[in-house]
Every structure is written in C-alpha cells, then in structure tokens.
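S.K.: Structure below; questions to follow.
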Amino acid sequence: MAVDSPLQSRMVSPTTSEKDVKALKFIEEMTRNPDSVQEKVLGEILSRNSNTEYLKRFDINGAVDRKTFKSKVPVVTYEDLKPEIQRISNGDRSPILSSHPITEFLTSSGTSAGERKLMPTIEEDLDRRQLLYSLLMPVMNLYVPGLDKGKGLYFLFVKSESKTSGGLPARPVLTSYYKSDHFRRRPYDPYNVYTSPNEAILCSDSSQSMYAQMLCGLLMRHEVLRLGAVFASGLLRALSFLQNNWKELARDISTGTLSSRIFDPTIKNRMSKILIKPDQELAEFLIGVCSQENWEGIITKIWPNTKYLDVIVTGAMAQYIPTLEYYSGGLPMACTMYASSESYFGINLKPMCKPSEVSYTIMPNMAYFEFLPHNHDGDGAAEASLDETSLVELADVEVGKEYELVITTYAGLYRYRVGDILRVTGFHNSAPQFKFIRRKNVLLSIESDKTDEAELQKAVENASRLFAEQGTRLIEYTSYAETKAIPGHYVIYWELLGRDQSNALPSDEVMAKCCLEMEESLNSVYRQSRVADKSIGPLEIRVVQNGTFEELMDYAISRGASINQYKVPRCVSFTPIMELLDSRVVSAHFSPSLPHWSPERRH
Ligand code: AMP
C-alpha cells in the first residue's frame, strides 16, 4: 500500500493485522473524496425514500440531487417533526418518513416538552453503527501496541425500555445495541475481549450489573489493559461504587462465593464460572488499597497494566477530567468517537491526543451532513437568522469556523438540526475534522441529562410558588453543576426577598419542598438519572444574601460587560464567580426524597 497519508504511514508495521489494514483502508477511501461519498449517500436516501409522505410533500418528484433537495426541503428541528413521529409511534406503518419500516425508536437524551425525543431507526442502522465501532480498534492499535494481550474493563449498562402506544420499542441507542445480535453474538476478537460478561451487561438492574462487572474487573485485574465507560461520568460512578462496596467485594473474593445481593439467575449462573475459588491474597490486597484514605492513583494501583482510559471527556464531560486524572494518576484519556441517537457521526483518528486537542473526523458514509454557519451572538440570534441557503457541504467547511450540524439519515430525518456546535480544526485527507464545542441550549448536565434554560426557568417558577403566598419573592437565580463529589448534583443559587423589614425567609421545610418541586419539574432524563440510575444526587438550593446578584453584575461590568446588555447568567462555572456566590450563602437545602419517574412516557 502506498504511504501517502499520516494514517497510512502509521499502518505499515508488519504486525498490523489484515483486518486492521482493511479498516484503515476504508477510512482512507472515505476521507479521500468525502464529497462524492456524500453525493452517493444523499442519492441513496432520496431514491429509496422518494415515495414517503414527507418527501412527496415537498414536490421533489424523485430528484436525488443536492441542489433540488436543498431548494425544496426545509431545515427542521424535532418540534417540526413531532406530528410525524407521533403518528409512527401510535402505530401508523405507512411510509411517512422512511420507506423501510421503522423498527424502533431511540430515546435521545435531548428532551422535548420534558420527555426524551424519539428518533426513528431502521433495521440496517445497526450495521452502520457496527461499522463505525469496527474502525475504533484498528486506529487505536496504531498508537497502543499489544492490546490483544489482555482485556478491557468496560462498565456498560442497559437502561429500562418501554413500548410506544403503537408497539414499537423505545430505548436508548446503546441499550438497543447491547441487546442486538451484533453485540451479543459478536465473533471472538482478541482486541475486543471484555472482563464483563454479557449477562452482567444485559441485566437491567444497574446495581447487580455494576456489582458483577466490578467483581470481574477485580478478579482479572492483571489482565486489564484499558478501562472505560461510555462517558467519563460512568467511569467515576463505577469508582464511587467501588468506594462504597469494596468490603463486600473483597469478602466475595476471599470466600469464593457470590454476595446474596446478586439474585438475577443469569448473572449468578455466569458468575459461578468466573468466581470459582477463594483468593485470599487478592482480597487482602484490595482491603489494603481500598481502606487507605487517599485514593489518588487508585486505578493504576488496582489495575497496574492499564494503558489508557477509554471515556468521552469532550463536551459536557470535560468537567470530569481533573477527577479522572486524580484517580488514574494521569493516564491518557482516549475519546474515540462522536455519535448520537440520530446517527453515529465520526471517529477520532488520534485517540491518544490530549482531551483539549480531540477532533472527530466525520465519516461521510454514515449520513448526509450539512453545516449551518454559527454566529456567536448567542443561540437566540442564530435562530432568528436561519438562512436555509447558507448551509455548507461537508467538503466545503472552513478551518476555524463554527457550524451547527444538520443531518439527513437513511431512517428519515431530512435536514435535521442536531443541536451540536462544532469547529473545524483541520482535515484528514479531504475530510474535515471537528472539535466538539458545545450543545446548543444546554445549561446543566451531570450525566446524560441536558437541562436547558427554559426547563430550569419553569422548575424555578414552580418551586417559587410554594412560598409566594407568604409574600416572599425570588429576586434572582443562577445554577451550577456540582461534580466534585460523585454522583454530581444541580446547585441552584437563589436570592430571596422576604415580605417585610425582617426579611424572614421560608422555613427549612418549605425550602426542602422547593428542592423537590424543582426536581419534579425537570425533564424525564434528569428524573430517570435520579431515580433509576442514581447517577445524579439530590438537588440543592443555596440561598444567598441580598445584594449578591448585584455584586455579580458589578463584577461582570468590572471585567468589561456592558451595563445595558448585562443579563444574569443562568449557569455559572467561572471560579471567581463561584467563590463570590459561595461566600454569600446563608443557607443550603437539599431535596429530601426522589422525584417521580417511570419508564412510561407522560403524554
Ligand atoms: P443522545 O441524543 O442521547 O444520543 O446524545 C447525543 C449527543 O451527545 C450528541 O449530539 C452530543 O451533543 C453528545 N455527544 C456524543 N458524543 C460526544 C463526544 N464524543 N463529545 C462530546 N459530546 C458528545
């Protein structure tokens, strides 16, 4: 093979397997001429879906070219597609969006009216996702040798699923993938051997699943070469689980018997073949390490052969980098891919780079991609100035510029705004590479929850009604995602004004109710994380002294903000501002119980 690209120049090692060479060649092919791949992808999508009600509505009359498509089909958001999605979810099987049957809905962590968005998907999408996964290890093997000599300790979980009124499954994309034959019956591959058995991954009780996965990881600690979860928050949850449960885990190891907390018969049966005999030495080692006060570098102590952490720490997850560095003693963190429920997008061709330098190369075969130039006047302004003709092709984006991602998928999303803002950092061959900048409209995120300004505002309004009768008024508020302790939690700062001179504030009991009322008002992803996954802790309200928000404004103005245009930030993270707020706190209150959540959607 000719050596004419950076990726290829890394490929020529005689030890590179045939399978890897094939995958790397595929990446080269896709990135050499992304424009022609994109043209072909759009042509395929439009020709197979020409009979759909949606495309017929725009009179494209069977045209498959980009010009006609862009001039006739509008750029849309989820809200625009809601009637169609609703009909499909109610059981209408006619070709509304896609000529291929919609096999299930993927429940996005983005929400609409407080409920998860439903993304249509078709059977063959699994192959497309599988294809992207199959490219990850060949790329990683170029940078980290010997990964076939051990195992990956990955904390992977399925989440609860429901059925729509029309009988289609509605579940997160990873749950759908782990439950598919693609994952369950994957052929043996020495580069993809996990310590977690499928039975543990597929158990929907997250506590039993976590216990079994952690136990396997401990039993095979010397074999573990990489450690991961999908997002950084997931890996930190696993460490926090270890912190709370190491005694019980050590007891199981020292006695060679499984804790009675594991009652799922499938896991029990599988574990009986893994936990076969007592291992006193390992148990004592664990007790020695875990009973220490200081857990700095614990990952490398327990899993000494770990070469890197495999977790996404770009976007909202960047807040976890310092904590992961602390626990891992500075191991590299590999962000390997960029994906969503709507479609998988791309991969990181330099997975061992620093988190701040991560760029994803969008694979042009996954969907048809367009890029809406993003202006910096805030999301509202960008919204107002949507110019449908200004969308740019994948091959035409410019280095340094920011864009909002717009996709057209095989399953029937046409010119759909994903809501992610990306910046072009360079090219691999002719394919652009993107840094993930942020998700539009997301204020707070601990795990997969994404709370926007409107949701926060509504929650604050609902809660403040609880003391309105007393005459107390909410003057201002802002918020903060507190992630130093695991699980993280939402902190809301409130400045209140009492009815009279005495400025008597609501009682502790009322304030606790306010915390819970806010949680009840937040979206279903938040409530699921609180109730089912326990990956978010109780919401906290910190009441600050009167005048604090004025001080905040003074501070912003002293740093150059305009008095006329100053708006209270609805979320803060800048250290001096946090310090100012925290120094003015007069009382702190936590949600006393869990909000309501059930897998069924509220209609
Ligand atoms: P979901 O709709 O729940 O599947 O979430 C998909 C969203 O998660 C994407 O649109 C991004 O906003 C975010 N996301 C996915 N992968 C990454 C990544 N590698 N880095 C940053 N954010 C990501």
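The values are calculated or read from the model by the stated rules, or taken from the named source; none is laboratory data. For clarity, every value in this text was computed on a predicted model and none was experimentally measured. Cβ: placed from backbone, ideal geometry, glycine included. Neighbour counts: every protein chain shown. The accessibility values were calculated without ligands, DNA or RNA, using every heavy atom of the protein model including side chains. Shrake-Rupley method; radii C 1.70, N 1.55, O 1.52, S 1.80 Å.
S.K.: Would you tally the residues in segment 402-415 being farther than 15 Å from ILE102 by Cβ, over 19 Å from the mean Cα position of the chain (by Cα) and within 14 Å of the ligand (Cβ to nearest atom)?
M.R.: Looking only at that region, the number is 1.
S.K.: Looking at (1) touching a strand residue (DSSP E or B) at 6+ places or on another chain (Cβ under 9 Å); (2) open to solvent by 40 Å² or more (accessible area, probe 1.4 Å); (3) of a type outside the set (Phe, Trp, Tyr), find the lone condition where MET210 falls short.
M.R.: Here MET210 clears every test but (2).
S.K.: If you don't mind, another one. Of the residues ILE312, ILE321, which single one is within 24 Å of LEU242 (Cβ to Cβ) and within 12 Å of the ligand (Cβ to nearest atom)?
M.R.: ILE312 is the lone residue from the list that is within 24 Å of LEU242 (Cβ to Cβ) and within 12 Å of the ligand (Cβ to nearest atom).
S.K.: Something else: Could you please find all residues in segment 155-194 being in a helix (DSSP H, G or I) and open to solvent by less than 30 Å² (accessible area, probe 1.4 Å)?
M.R.: Within segment 155-194, VAL173, THR175, SER176, TYR177, TYR178, PHE183 meet the criteria.
S.K.: Answer yes or no as to whether LEU106 is open to solvent by 30 Å² or more (accessible area, probe 1.4 Å) and within 28 Å of HIS596 (Cβ to Cβ).
M.R.: no
S.K.: Which members of segment 344-370 meet the condition of being over 17 Å from the mean Cα position of the chain (by Cα), over 27 Å from LEU126 (Cβ atoms) and not in a loop (DSSP other than H, G, I, E, B)?
M.R.: Answer for segment 344-370, where residues must be over 17 Å from the mean Cα position of the chain (by Cα), over 27 Å from LEU126 (Cβ atoms) and not in a loop (DSSP other than H, G, I, E, B): SER356, GLU357.
A quick yes/no check of all residues on (1) open to solvent by 10 Å² or more (accessible area, probe 1.4 Å); (2) in contact with a Pro (Cβ under 7 Å, 6 or more places away or on another chain):
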position	(1), (2)
SER507	yes, no
GLU520	yes, yes
ILE536	no, yes
LEU539	no, no
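S.K.: Turning to a different aspect of this structure: Mind checking whether some residue in segment 325-332 is under 20 Å from the mean Cα position of the chain (by Cα), within 15 Å of the ligand (Cβ to nearest atom) and modelled with pLDDT of 95 or more?
M.R.: Checking segment 325-332: not a single residue is under 20 Å from the mean Cα position of the chain (by Cα), within 15 Å of the ligand (Cβ to nearest atom) and modelled with pLDDT of 95 or more.
S.K.: Tally up the residues in segment 77-103 that are part of a loop (DSSP other than H, G, I, E, B), open to solvent by less than 40 Å² (accessible area, probe 1.4 Å) and within 14 Å of TYR54 (Cα to Cα), please.
M.R.: 3
S.K.: Only one of these conditions is not met by GLU370: (1) open to solvent by less than 10 Å² (accessible area, probe 1.4 Å); (2) within 13 Å of the ligand (Cβ to nearest atom). Which number is it?
M.R.: Result: GLU370 fails condition (2) only.
S.K.: May I ask you to verify whether GLU495 is more than 25 Å from the chain's Cα centre (by Cα), open to solvent by 50 Å² or more (accessible area, probe 1.4 Å) and either among the charged types (D, E, K, R) or modelled with pLDDT under 95 (or both)?
M.R.: For GLU495, the condition - more than 25 Å from the chain's Cα centre (by Cα), open to solvent by 50 Å² or more (accessible area, probe 1.4 Å) and either among the charged types (D, E, K, R) or modelled with pLDDT under 95 (or both) - is not met.
S.K.: Could you tell me whether segment 411-423 includes any residue that is open to solvent by less than 10 Å² (accessible area, probe 1.4 Å) and among the basic types (Lys, Arg)?
M.R.: Yes, segment 411-423 has at least one match.
S.K.: Would a scan of segment 301-323 turn up a residue that is charged (D, E, K, R) and more than 21 Å from the chain's Cα centre (by Cα)?
M.R.: yes
S.K.: Which ones in segment 492-512 are out of contact with any helix residue (DSSP H, G or I) (no Cβ under 9 Å at 6 or more places or on another chain) and in a strand (DSSP E or B)?
M.R.: LEU497, the sole residue that qualifies.
S.K.: Quick one: which residue in LEU153, LEU135, LEU174 is more than 16 Å from the ligand (Cβ to nearest atom), of a type in the set (A, V, I, L, M, F, W, C) and modelled with pLDDT of 95 or more?
M.R.: Only one candidate passes the filter, namely LEU153.
S.K.: Looking only at segment 109-133, count every residue that is closer than 18 Å to GLY346 by Cα and in contact with a Ser or Thr (Cβ under 6 Å, 6 or more places away or on another chain) and tell me the total.
M.R.: Going through segment 109-133 one residue at a time, the tally reaches 1.
S.K.: Would you mind stating whether PHE574 is over 30 Å from GLY167 (Cα atoms), of a type outside the set (A, V, I, L, M) and in contact with a Pro (Cβ under 7 Å, 6 or more places away or on another chain)?
M.R.: No; evaluated as a whole, the condition is false for this residue.
S.K.: Hey, could you check segment 392-408 for residues that are open to solvent by 10 Å² or more (accessible area, probe 1.4 Å) and touching a helix residue (DSSP H, G or I) at 6+ places or on another chain (Cβ under 7 Å) and say which is nearest to LEU106 (Cα to Cα)?
M.R.: GLU393
S.K.: I'm trying to understand the selection: among the residues of segment 541-567, which are open to solvent by less than 30 Å² (accessible area, probe 1.4 Å) and β-branched (Val, Ile, Thr)?
M.R.: Within segment 541-567, ILE541, VAL543, VAL544, THR548 meet the criteria.
S.K.: Okay, next question. Residues to consider are LEU282, LEU249; find the one that is within 18 Å of ASN305 (Cβ to Cβ) and either open to solvent by 60 Å² or more (accessible area, probe 1.4 Å) or part of a helix (DSSP H, G or I) (or both).
M.R.: Among LEU282, LEU249, only LEU282 is within 18 Å of ASN305 (Cβ to Cβ) and either open to solvent by 60 Å² or more (accessible area, probe 1.4 Å) or part of a helix (DSSP H, G or I) (or both).
S.K.: Output yes when any residue across segment 415-436 is farther than 17 Å from SER359 by Cβ and of a type in the set (S, T, N, Q), and no when none is.
M.R.: So far as segment 415-436 goes, no, none of its residues is farther than 17 Å from SER359 by Cβ and of a type in the set (S, T, N, Q).
S.K.: Applying the selection to segment 34-76, what residues are within 30 Å of the chain's Cα centre (by Cα), surrounded by fewer than 16 Cβ atoms within 10 Å (Cβ to Cβ) and either at pLDDT below 95 or assigned to a loop (DSSP other than H, G, I, E, B) (or both)?
M.R.: Of everything in segment 34-76, just one residue is within 30 Å of the chain's Cα centre (by Cα), surrounded by fewer than 16 Cβ atoms within 10 Å (Cβ to Cβ) and either at pLDDT below 95 or assigned to a loop (DSSP other than H, G, I, E, B) (or both), namely PRO74.
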